[in-house]
1. Students often forget the sequence filter, so: which lysines lie under 23 Å Cα-Cα from K118 once same-chain residues fewer than 8 apart are removed?
2. Using amide H atoms built in the peptide plane, which far-off residues or other-chain residues are under 5 Å from S61 H to H?
3. With the dipole of the range 64-180 worked out from charges on the C-beta (+1 for Lys and Arg, -1 for Asp and Glu) around the Cα centre, which of G115, Y131, W77 lies farthest toward the positive end?
4. Over the Cα atoms of the range 119-206, what is the Rg over Rh ratio if Rh follows Kirkwood?
5. Between the alpha-carbon centers of the range 180-206 and the range 78-137, tell me the distance in whole angstrom.
6. Enumerate the amide H contacts of Y131 below 5 Å, restricted to partners 5 or more residues apart or on another chain; note that Pro and chain-start residues carry no placed amide H.
7. Using 0.36 nm per residue, how much length does the chain from V167 to Y131 gain when fully extended, once their Cα-Cα distance is taken away?
8. Rounded to the nearest 20 Debye, what is the dipole magnitude of the range 60-126 about its Cα centre when Lys and Arg each give +1 and Asp and Glu each give -1 at the C-beta?
Amino acid sequence: MQYPPGQPPGQPPYNYPPGGGALPPSPPYGGGGQQPYYPPQAPPYQAPPPPVPPQQPLPVSEKSQGTAFLLSFFLGWLGVDRFYLGYTGLGVLKLLTCGGCGIWSLIDLVMIGGGSMKDAQGCVLQRGPVYGAPNKSQMTTMVLAVLLPYFSGGIAAGADRIYLGYVGLGIVKCLTLGGCGVWSLIDTILIGMGKMRDSDGNSLQY
C-alpha cells in the first residue's frame with residue numbers, strides 16, 4: 001500500500017474506513033450542503049430615457065390683439081374681427097346673424113380681450129412689451145370688467161380694479177357705477193388691448 005506523503009507507515013490513510021475496504025465515493029460537487037459559487041452578474045444595461053425636448057413657444061401672428069379687440073368692440077356684430085383674423089367663413093356667418101344676436105359678439109369680445117383668441121393659422125396675436133413679472137390673469141380681468149358689471153347692473157363695475165390691486169379706485173368705480181359707464185368703457189379698452197397693468201406695474205398674464 002502506498003501512503004501519502006506525511007502518512008506514518010502502518011497507519012491507515014486518512015478517511016480510510018475501519019477494517020479496510022474501499023473509500024466511500026466523494027460527494028458530487030455541491031453536495032454536503034455546499035452550493036456552487038456563481039459570481040454576481042451585473043444588471044442588464046438599460047438605456048437612459050431620451051431627453052425631453054424644450055417646449056417651443058407658439059408662433060406669433062402678424063395680427064395685433066389691440067386692433068382685433070377694437071374691431072370686435074365696435075364692429076364685432078358685423079363679423080369684422082373674424083374677417084381680420086382670417087376666419088372668412090365665420091365672419092360671413094357672424095355678419096348674417098348680427099353677431100349671433102349679440103351673444104357671439106360678446107363671447108368673441110371676451111376671448112380677444114382676454115388674450116385667448118388666435119388667428120386662423122393658430123398663431124398668438126401680437127402684443128406690446130411685457131413689463132415686470134405678470135401674475136394677474138388678463139382673462140379674469142376681462143371677465144370682471146365686462147361680464148360681471150353686465151350681469152350685476154353696474155354695481156360691481158370696479159371689481160376689475162380691485163382684482164388688480166387698485167382697491168380704492170375699485171370702490172370709487174363701484175360707487176359711481178363705473179363713472180356713469182365712461183370709466184368702465186376706458187378700462188375695458190385698456191384691458192382688451194393689453195395696456196392695463198396691475199398696481200405693481202406688471203403686465204397682465206395671458
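1. Those lysines meeting the cut-off are K63, K94, K136, K195.
2. Result for S61 returns V124, L125, Q126.
3. Going by the Cα projections, it comes out as Y131.
4. Over the Cα atoms of the range 119-206, Rg/Rh equals 1.01.
5. Comparing the Cα centres of the range 180-206 and the range 78-137, I get a distance of 17 Å.
6. S203
7. Working it through step by step, the gained length comes to 10.8 nm.
8. The dipole of the range 60-126 has a size of about 60 debye.
Any read-out appearing in this document is the output of simple, stated calculations on the displayed coordinates, not a laboratory observation. Computed from a predicted model, the values in this text were never measured in an experiment. For neighbour counting, all protein chains shown are included, and Cβ atoms are generated from backbone atoms with ideal geometry for every residue, glycine included.
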